[in-house]
Amino acid sequence: MAAPTTALPLLATTTTLLLLLSILNNVQSKPSNNGHDFGTSLDPSKALGGRMKREKLSHLRLYWHDVVSGPNPTAVMVTSPNRTSASGFGTVVMIDDALTLGPDLKRSKVVGRAQGLYAVASQTEVGLIMAMNFAFIEGKYNGSSISIMGRNRVFTKVREMPIVGGSGLFRFARGYVQASTHSFNAKTGDAVVEYNAYVLHY
């Protein structure tokens, strides 16, 4: 028995609506390219080749050589205070300091560079804001780095600063460093600081 002629337009309209709804649903379910859907959830256990299952704590002991004297200083002042300040407030220094295994720069192996800057951020004491990367160039950490940013009260015996990230073998790094002055030459301004870094990473 043939369908009534009055039902045919209704059937066609219903079919068209279902087709449009299907198309709209497919469009909405696909990631948009308009710049809003740019993130994807990942399974942490599968990231980094499965290494994220095995978090570990590493201890690094290094000596940081801040050389401001001589023909090739590794610490250079880029801005100085506009007016006299007992603390040197406002001073900014860019650094590319050697990181060695021992305190003697001439005899000890260089395993990395401390690259970044420090600035005097206190008006009442020599309190620095440190922002630097420890970029490693030797051994299994070659090509990897840790990033340090924090307050450094220079005349405190042990200063603690956070590790805020890293790269290479130190991806997702967090932890802290403890800095203690090994030696300071009041005549030249050169300093050697022992850094003990405690890093959680994968």
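The values are calculated or read from the model by the stated rules, or taken from the named source; none is laboratory data. If you're wondering where the values come from, they're calculated on a predicted model, not measured in any experiment. Positions of Cβ are backbone-derived with ideal geometry, glycine not excepted, and every protein chain shown enters the neighbour counts. For the accessible areas, the whole protein counts, side chains as well, though only heavy atoms, and no ligand, DNA or RNA atoms are used. Shrake-Rupley method; radii C 1.70, N 1.55, O 1.52, S 1.80 Å.
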**Prompt:** In Å, the Kirkwood hydrodynamic radius of the stretch 65-115 over pairs of distinct alpha carbons?
**Reply:** 12.4 Å
**Prompt:** Taking amide hydrogens as modeled 1.01 Å from N in the peptide plane, which residues meet the under 5 Å criterion relative to Gly112, leaving out close sequence neighbours?
**Reply:** Leu99, Ile137
**Asked** Kirkwood-based Rg over Rh for the stretch 150-198 (C-alpha set), two decimals?
**Response** 1.08
**Message:** Sort 70-76, 116-122, 40-46 by packing, meaning the average of other beta carbons within 10 Å per residue, with the highest value first.
**Reply:** 116-122, 70-76, 40-46
**Asked** In what sequence, largest accessible area first, do Asp37, Asp96 appear using a 1.4 Å probe?
**Response** Asp37, Asp96
**Prompt:** Which percent of the accessible heavy-atom area of the stretch 86-193 goes to carbon and sulfur, probe 1.4 angstrom?
**Reply:** 56 percent
**Request:** Take every Cα pair under 8 Å in the stretch 98-169 that's 6+ residues apart, average their separations, divide by the length, and report that relative contact order as a whole percent.
**Result:** 23 percent
**Message:** Strictly over 28 Å apart at the Cα level, which of Lys53/Lys157; Lys106/Lys140; Lys53/Lys109; Lys46/Lys109 would you flag in this model?
**Reply:** Lys53/Lys157; Lys53/Lys109; Lys46/Lys109
**Asked** In the neighborhood of Val164, defined by Cβ-to-Cβ distances under 15 Å, what is the net charge if each Lys or Arg adds +1 and each Asp or Glu adds -1?
**Response** +2
**Asked** How long is the stretch 50-202 along each principal axis, judged by its Cα atoms, biggest number first, in Å?
**Response** 55, 33, 26
**Message:** So, for the stretch 43-178, what is the accessible surface per residue at a probe of 1.4 Å, expressed in square angstrom?
**Reply:** 58 Å²
